Each structure stands twice: as C-alpha cells, then as structure tokens.
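Asks: Mind looking over this structure? Questions follow.
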Amino acid sequence: VTPKGQPGNPKPRCFRLVEDDAILNRMGFNNVGAIQVAKNLQSARAFRNRGGILGVNIGKNKVTPNDLAIDDYMKCMDRLYMSGDYIAINISSPNTPNLRDLQAEEELNKLLAAIAAKRKELKAANKDHYVPIAVKLAPDLSDDGIKKALDVIVKNGMDGVICTNTTISREAILGHPLEKEPGGLSGRPLMERSTEVTRLASEHLRGTLPIIASGGVMSASDAVEKMEAGASIVQLYTGFIFEGPELVADCVQAIAQWRANHQTSCPVSEPSSPSPAP
Ligand SMILES: Cc1cc2nc3c(=O)[nH]c(=O)nc-3n(C[C@H](O)[C@H](O)[C@H](O)COP(=O)(O)O)c2cc1C
C-alpha cells in the first residue's frame, strides 16, 4: 500500500517460470491508495475477530523521491494504523526505483526513528493500542549490510524482521528465456539465500526479535527448514500460487510436529524469545 493510489508498471509484469517453481514480478505497488485500502479492510474485521492475523505492507509512491520517503510511510501509518494486526515496512521491493537504498544504515535509522515516533503518537491517540511493526529486508544485501540493518531495527524498537523479499539475482535461473526481464524473483530459486539470511539474522539477533521467514517455501519441509534456521513465523506467496491453499495446512502440520519433537528433544536450549503460533 502506498499513500496515493498508483497503476504500477505496464503489463506484462508478472511471469510464471513453471519448470523452476518460480515467479518473476515487477508489479510496482499497483494499489488503490491508503485511504481506500483502509475502507476495504473494514470488511476484514470478521476475519480478524476470528483470530486471523492481517499484516499491512506499506511503501512509498513511485513519484516520491527518497528524501521525502518518510512522509509517505507516515501517511500510510496515519491512515492504516488500526486496519491490521501488524505493519510491515517495505524497503526491499526491487520494483520501485531506489526504494532499497532506504536499507542503508543512516537512511534506515532516520526512517525507523520517524516510524517509532509516529507509532507512539498513534498508540496514544488509539486508547493505547500497540501495533507491532516488522521490517522487510532484501536478500541481495551483503551479510554485513543485513547485520547493520538488523542493529538499526533493534535500536529503533521494531518488533520483528521479515527475511526476505524477492531477489534481483538471476544466478539460479541462468539461461532461462525470462532471465533478462527486470523484476524480483521468488519461489524455489530464492529458498537458499532467504534461508541463509534467516539463519544469519537468527545468529545475530540471538532471540531479541522474532524473524518472519519468507522466500521459496514450496513444501512443508521447506517450512520446517525455515524454523530450523531460526524463524518464528513462516510466510509463503509463490508456493501458494503453484501448490494452492493445501500447502498452508501441510506447513502448519509439519511445523507443529517439528515443534513437538524439538521441544521434547532439547527443552533446556529452547530460546526464550517470543515464539508465535505458525
Ligand atoms: C506478485 C507478487 C507481488 C508481491 N508484492 C509484494 C509487496 O507488495 N510487498 C512486499 O513486501 N512483498 C511483495 N512480494 C514478495 C512476497 O511477499 C514474498 O516476500 C516473496 O515473494 C518471497 O516469498 P515466496 O518465495 O514465498 O513468494 C510480492 C511477490 C509476488 C510474487
């Protein structure tokens, strides 16, 4: 969601790489804008009341230069604070020019300080209602870049990190006819790096923040692999496209089983970090 509605990139902008279990997309934040999204999400109340968890993913408009990006995130927060159960800060989409530069230490610090202050203000204005905020990172940052971003995320009191968004790397699909199409690659080719980032984040954070793992979950065993790498929550998108909703049930079941085994085999070494249900 961006403050103003925008059309996104011209079509075609989303491609299936069926033999690779992958999607290449350059949607470009096509959306109706924060005010209309807030209205639309009123109808998600019943889902949320029944225990469904709804995340609202916010970004900046394409026409907004990076030095004004903070204003866009503030507008989205003002308009959507009460619309979801958590807010995801998207600074990692490859499809909005220069967006990912906001992940650099100094830029990120400015942005997250403003977001933390805005949350404090909105919490006070909404009967002390606290909305958790997670920051979503790109898999294409260097390991050092990931660690620096994590330090800034912790320092500014964020509640979680999402590892990861889509990749601009084509290493895993070299020679594919769509290799040269611009956009973010998701699905199986992303699994390895996004899991590596999850593991790196887990080792660096040492339980201070929960990690939401996203990237290449195409099977229940992939979901368990994310948990083993240190995730508290697993998300999937491309797997849903290829495998359908049954994949979600399979993942939930496999993670529940993994947790049961894990807890009996090593009760003392369990981290004390928050561990929300899958
Ligand atoms: C068509 C499409 C649109 C996406 N739009 C967004 C978006 O608006 N914001 C965002 O943070 N991630 C977006 N993503 C990234 C996914 O949320 C997810 O992080 C990524 O695809 C990796 O997970 P997966 O391999 O399970 O798909 C999009 C992915 C796809 C395929």
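The values are calculated or read from the model by the stated rules, or taken from the named source; none is laboratory data. Here the structure is a predicted model, which is why all the values come from computation and not from measurement. Glycine gets a Cβ as well: all are built from the backbone with ideal geometry, and neighbour counts include every protein chain shown. The area values use the complete protein model at the heavy-atom level, side chains included, leaving out ligands, DNA and RNA. Shrake-Rupley method; radii C 1.70, N 1.55, O 1.52, S 1.80 Å.
Asks: Name the strands (runs of 3 or more DSSP E) wholly inside the stretch 1-84 in which the number of residues that are open to solvent by 40 Å² or more (accessible area, probe 1.4 Å) and more than 19 Å from R100 (Cα to Cα) is 2 or more.
Replies: Counting at least 2 such residues, we get 4-6, 14-17.
Asks: Return a yes/no flag: does the stretch 172-186 have any residue that is free of Cβ contacts under 8 Å to residues at least 12 places away in the same chain, open to solvent by 30 Å² or more (accessible area, probe 1.4 Å) and touching a helix residue (DSSP H, G or I) at 6+ places or on another chain (Cβ under 9 Å).
Replies: Yes, the stretch 172-186 contains a residue that is free of Cβ contacts under 8 Å to residues at least 12 places away in the same chain, open to solvent by 30 Å² or more (accessible area, probe 1.4 Å) and touching a helix residue (DSSP H, G or I) at 6+ places or on another chain (Cβ under 9 Å).
Asks: Hey, another quick one. Cβ-Cβ distance below 6 Å, separation of 6 or more or different chains: which pairs start in the stretch 135-148 with a residue that is crowded, with 23+ Cβ neighbours inside 10 Å and end on one that is among the charged types (D, E, K, R)?
Replies: These pairs meet every condition: A138/R100; P139/R193.
Asks: Further question on the same structure: Checking S93 against (1) more than 12 Å from the ligand (Cβ to nearest atom); (2) open to solvent by less than 70 Å² (accessible area, probe 1.4 Å), which test does it fail?
Replies: Result: S93 fails condition (1) only.
Asks: Just the residues that are assigned to a helix (DSSP H, G or I) and either open to solvent by less than 40 Å² (accessible area, probe 1.4 Å) or away from the ligand (no atom under 13 Å from the Cβ) (or both), please, taken from the stretch 226-248.
Replies: Hits for the stretch 226-248 are K226, M227, E228, T238, G239, E246, L247.
Asks: Next question, about the same structure. Out of A220, A201, A213, report the one residue that is open to solvent by 20 Å² or more (accessible area, probe 1.4 Å) and in contact with a Cys (Cβ under 7 Å, 6 or more places away or on another chain).
Replies: Result: A220 is the single residue among A220, A201, A213 that is open to solvent by 20 Å² or more (accessible area, probe 1.4 Å) and in contact with a Cys (Cβ under 7 Å, 6 or more places away or on another chain).
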